[in-house]
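The values are calculated or read from the model by the stated rules, or taken from the named source; none is laboratory data. Treat the numbers as computed from the prediction; the structure is a model and nothing was measured. All Cβ positions, glycine included, derive from the backbone under ideal geometry; neighbour counts span all protein chains shown. Calculation scope for accessible area: heavy atoms of the full protein, side chains included, ligands and nucleic acids excluded. Shrake-Rupley method; radii C 1.70, N 1.55, O 1.52, S 1.80 Å.
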Amino acid sequence: MKFKLLALALGATVGLTAFAAPVPAFPSGPIYIKFDNREQIATVGDTGYANEINWGVLTVANMNPGVVTGLNTIETTGPSFFNNISNGQITGIFYGVQGLPSGTGGNLFPATGGFMDLYYRDLSVLSVTNLAASGPGVRTSQSTATGFTDGDLLVHLAFASGINANSLSVFINGTTIPSSAGFAGLATSYANVADFNGDTIIDAADGAYATALNSDFFTPLAGLTRDVRFRNIYETLTAWDGVTTGCATGQGSCVLGAFSTDPATAYAVPEPGSLALMGLGMLGMVALRRRRNS
């Protein structure tokens, strides 16, 4: 009976949370996120915004519960709790990534800075975004893109140090310098949930997933904690090329297109609202138990 009452309390909590918003809820614990993206990488000059060498758009394909298999390592397990289109769409944009001299921290293609914003598209209100049919012209400002930043903000992430033990200035390790002759490489990085609305506090105003993902789960180096880890395989996509006149000479501009199919991992913590509702449910069970015992 105790377990049945607990199940009812938790069910009521989940039901109330789901009723409050159409955004799919995270289960607490390790999360494995699969996403696809299209991007531009500047090897000479910038992408059109000063000092920016990398930007792109993405759609989340699915999200699965994960399992911790080692230090800073989460692998997928169990059925997906979110699927692209069938549960709405999660889309996003990453931007503001800046280059570092090749060899910084002992890495061939290092980068620093940058942000990623994720949005939820309620498909009863917004149309489906087709990533494969999208081109770089979808970008309307450095941090906005038609079809990718039109929904409800989920989280604002800031790339952060920790992926390179030799240099805290390196936020993204890239193994291959993109070339107009074709390329494939691996990029790894960490990110933290960041304040979006300028009040310096991480809360629901910074996105529906902001507090859940603000977990400090990853500990890449002594004294550092991070919220999200990325592991991206990037490959040539000429359809997303920009100006390429400087690729051969190393002068002018060279902006190459790429795509990747990537996992991200995180550790979600219960939302404060869910904890409050769960607490109310537990108090109700305690009161019921006392009444039955009196």
Could you please report the charge total around THR43, scoring K, R as +1 and D, E as -1 over all other residues with beta-carbon less than 14 angstrom from its beta-carbon?
-4
How would you classify segment 13-159 from its alpha-carbon gyration tensor, with a ≥ b ≥ c the square roots of the eigenvalues: rounded for a/c under 1.5, else prolate if a/b is greater than b/c, otherwise oblate?
oblate
Under the classification rounded if a/c is under 1.5, otherwise prolate if a/b is larger than b/c and oblate if not, where does segment 26-68 fall, given a ≥ b ≥ c as square roots of the Cα gyration tensor eigenvalues?
prolate
Give me the 1.4 Å probe accessible area per residue for segment 73-205, excluding ligands and nucleic acids, in Å².
42 Å²
Could you please report the charge total around THR261, scoring K, R as +1 and D, E as -1 over all other residues with beta-carbon less than 14 angstrom from its beta-carbon?
-1
FRET efficiency, LEU221 to SER127 (Cβ-Cβ, R0 35 Å, nearest 0.05):
0.20
I need the shape label for segment 136-252. Rule: rounded when a/c is under 1.5, else prolate if a/b > b/c, else oblate, with a, b, c from the alpha carbon gyration tensor.
oblate
Local net charge near ALA111, Cβ-Cβ under 14 Å (Lys/Arg +1, Asp/Glu -1)
-3
If you roll a 1.4 Å probe over segment 97-245 with all protein chains in place, what percent of the accessible area is carbon or sulfur?
54 percent
Size of charge dipole - segment 130-226 - debye, nearest 20, with Cβ of Lys, Arg +1 and Asp, Glu -1, no other charges
460 debye
Quick one: what are the phi-derived ³J(HN,Hα) couplings along segment 122-135, Karplus 6.51/-1.76/1.60 with θ = phi - 60°, whole Hz, x for glycine and proline?
6, 6, 7, 10, 10, 6, 5, 8, 9, 4, 5, 8, 8, x
Ordered by packing density, taken as the mean number of other Cβ atoms within 10 Å over each peptide's residues, highest first, how do 120-132, 156-168, 248-260 rank?
156-168, 248-260, 120-132
